[in-house]
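J.: What follows is a single structure, and I will ask about it in a moment.
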Amino acid sequence: MSRIAATFSQLKAQGRKALIPFVTAGFPFADVTPELMHAFVAGGADVIELGVPFSDPSADGPVIQKAGDKALSFGIGLAQVLEMVRVFRTQNQTTPVVLMGYANPVERYNQTHGATKAVAGYADDTRATSPFVRDASAAGVDGMLVVDYPPEECLDFAAELKAHDMDLIFLLAPTSTDERMAQVAKIASGYVYYVSLKGVTGSGALDIDAVSAMLPRIRAHLSVPVGVGFGIRDAATARAIGKVADAVVIGSKIIQLIEPLPRDQVAATAQAFLRDIRTALDS
C-alpha cells in the first residue's frame, strides 16, 4: 500500500477528510520549501502537493503562473524539487508528497539524467525504471499528477510508478465525460483531483451544489478517493466541500498569502491558515 492509500485509509477510519495544500516549489524563496512543507504538516496537512515550475503551465492561472516564474528565476527545476523532497524526508517519513506539473520537465529529466535501466536488459522491459521514477522514488515522492498526460497514453508510466509504490493521479473536470472517467478508472490510484471550475486555477466562484451533483457521477466509475480543488479559499468553503468530497485541495490562496511576506514569516503564516482550515474540516 502506498503512503497515499494508507493515509486515506486511516482518515476514512477516523471519519475525517484529507487536507491537501499546494505550493509551487521554490516559492516565494528558493530555500524555503522544506520548511514550508513542515509547516503544512504542523497546520494539519495530510498530503502535500508541490508544483514543479514550468515555463508554459496551461492549467495554471495568473497567481500560480507568477509563482512558477519566480521559482524559475531562482533556477528551480525538477532536480531541485526532488532535492527539496529529500530534505523534507530527513525529518518526515509519513506525510505523502505529490508532485504536480507537466510532461515536459519529466521527459527532459529522463533525457538528461541517464538511460532507462531495464531489469532484464531490454529497454522495453515492463519492469524498466526511467531516471525520473528512479530518482523520485529515492527522494521520497509518493505520487505524480502530470496535467498533460492523458490516461490512454501513460499506461507504462502508471505501471512504472506503481512498481515503486507511487501513485498516478489524474484531473477530472466538470466537462469530463463518462468515457473519460472510465479511462481514468483503469489506471488512477491514490486519489483523483476534481477541478471544480471550468478554466484555470484561481478563476471563478465555486458552485458547491454543482460539485455535490458531480461527485456521485465520478464515484460511479472510480473507487479511489476524490479530492476537490480550484476555488477553495477559506474555512467555510473548505467545510462545505469536505461534507461531500474525500479531500480539500488549496493552492492559489496559500500562494497569495505568502507572496508578499519576508522569509521568516512564510512558514508561520501558512501554518496558521491551514490550522483554521483543519479545524473547519474536523468540526
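J.: Can you pull out every residue in the range 34-78 that is open to solvent by less than 10 Å² (accessible area, probe 1.4 Å), under 19 Å from N104 (Cβ atoms) and part of a helix (DSSP H, G or I)?
T.: Within the range 34-78, A67, G68, A71 qualify.
J.: Can you pull out every residue in the range 88-142 that is modelled with pLDDT of 85 or more, more than 17 Å from P53 (Cβ to Cβ) and among the aliphatic types (A, V, I, L, M)?
T.: V133, A138, listed by residue number.
J.: Separate question: Please enumerate the residues belonging to the range 249-279 that are acidic (D, E) and surrounded by 21 or more Cβ atoms within 10 Å (Cβ to Cβ). Give the derivation first.
T.: Filtering the range 249-279 down to residues acidic (D, E) leaves 259, 264, 276.
Of everything in the range 249-279, nothing turns out to be acidic (D, E) and surrounded by 21 or more Cβ atoms within 10 Å (Cβ to Cβ).
Yes/no matrix, rows are residues, columns are (1) assigned to a helix (DSSP H, G or I); (2) closer than 29 Å to V244 by Cα:
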residue	(1), (2)
A13	yes, yes
I20	no, yes
V87	yes, no
N92	no, no
V98	no, yes
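J.: Which residue pairs have Cβ atoms closer than 6 Å, lie 6 or more positions apart in sequence or on different chains, and pair a first residue in the range 176-188 that is touching a residue at least 12 places away in the same chain (Cβ under 8 Å) with a second residue that is in a loop (DSSP other than H, G, I, E, B)?
T.: V184/F170; A185/L222; A188/F170; A188/V224
J.: Can you name the condition, by its number, that F157 falls short on among (1) farther than 22 Å from P57 by Cα; (2) not in a loop (DSSP other than H, G, I, E, B)?
T.: (1)
The values are calculated or read from the model by the stated rules, or taken from the named source; none is laboratory data. Remember, predicted model here, so these are calculated numbers, not experimental data. All Cβ positions, glycine included, derive from the backbone under ideal geometry; neighbour counts span all protein chains shown. Side chains are part of the model used for accessible areas, which takes the heavy atoms of the whole protein and leaves out ligands, DNA and RNA. Shrake-Rupley method; radii C 1.70, N 1.55, O 1.52, S 1.80 Å.
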